[in-house]
1. Counting just the residues of segment 71-102 that are in a strand (DSSP E or B) and not hydroxyl-bearing (Ser, Thr, Tyr), which one comes out surrounded by the fewest Cβ atoms within 10 Å (Cβ to Cβ)?
2. Sort out which residues of segment 42-70 are touching a helix residue (DSSP H, G or I) at 6+ places or on another chain (Cβ under 9 Å), free of Cβ contacts under 8 Å to residues at least 60 places away in the same chain and assigned to a strand (DSSP E or B), and write them in order of number.
3. Could you list, in sequence order, all residues of segment 7-24 that are part of a helix (DSSP H, G or I) and surrounded by fewer than 14 Cβ atoms within 10 Å (Cβ to Cβ)?
4. Take the residues in segment 57-102 that are of a type in the set (Gly, Ala, Ser) and under 19 Å from SER30 (Cα atoms), then tell me which one is nearest to the chain's Cα centre (by Cα).
5. Within segment 86-99, which residues are within 12 Å of HIS6 (Cβ to Cβ) and without any contact (Cβ under 8 Å) to a residue 60 or more places away in the chain?
6. Which residue is farthest from the chain's Cα centre (by Cα), if the candidates are limited to segment 25-41 and must be surrounded by 14 or more Cβ atoms within 10 Å (Cβ to Cβ) and part of a loop (DSSP other than H, G, I, E, B)?
7. Kindly evaluate PHE83 against the criterion of being at pLDDT 95 or above and over 13 Å from HIS6 (Cα atoms).
Amino acid sequence: MGKFIHVVNFWLKKDLGDQDKAAFVKGVTSLGQIKNLSTFHVGRPAPTSRPVIDSSYDYCLVCTFQSQQEHDAYQIDPIHDIFRDECAKYWDKVLIYDSVEI
């Protein structure tokens with residue numbers, strides 16, 4: 001099996017203030033400290049517009065790992081647990097897309 005790709009799109013609550021948004025950004029970027037990440041990216045929707053593009057989300061997290069085992073370890077890392085516990089109150093919706101390189 002090839003690299004493991006983990007993509008998470010977040011739709012934040014519409015009534016969040018600037019402090020709450022900053023707390024979310026601090027929390028989601030803290031995930032980059034977790035061991036075994038090959039690549040780590042947090043971003044906002046790009047200013048592109050085509051019928052096939054969904055830019056309705058607020059933030060996108062993309063992590064790559066050398067294996068599913070490294071991804072699975074990421075999921076139970078205390079930093080990940082803290083992020084989920086402290087920041088889940090900021091989002092209305094989360095969609096996750098996991099894939100393996102072919």
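The values are calculated or read from the model by the stated rules, or taken from the named source; none is laboratory data. Keep in mind the model is a prediction, meaning the values are calculated, not measured. Cβ placement follows ideal geometry from the backbone for every residue including glycine, while neighbour counts extend to all protein chains displayed.
1. By that ranking, first place goes to ILE96.
2. VAL42, TYR59, LEU61, CYS63 - these are the residues of segment 42-70 that are touching a helix residue (DSSP H, G or I) at 6+ places or on another chain (Cβ under 9 Å), free of Cβ contacts under 8 Å to residues at least 60 places away in the same chain and assigned to a strand (DSSP E or B).
3. ASP18, GLN19, ALA22
4. This residue is ALA88.
5. Answer for segment 86-99, where residues must be within 12 Å of HIS6 (Cβ to Cβ) and without any contact (Cβ under 8 Å) to a residue 60 or more places away in the chain: there is none.
6. So, considering only residues that are surrounded by 14 or more Cβ atoms within 10 Å (Cβ to Cβ) and part of a loop (DSSP other than H, G, I, E, B), the one farthest from the chain's Cα centre (by Cα) is ASN36.
7. yes
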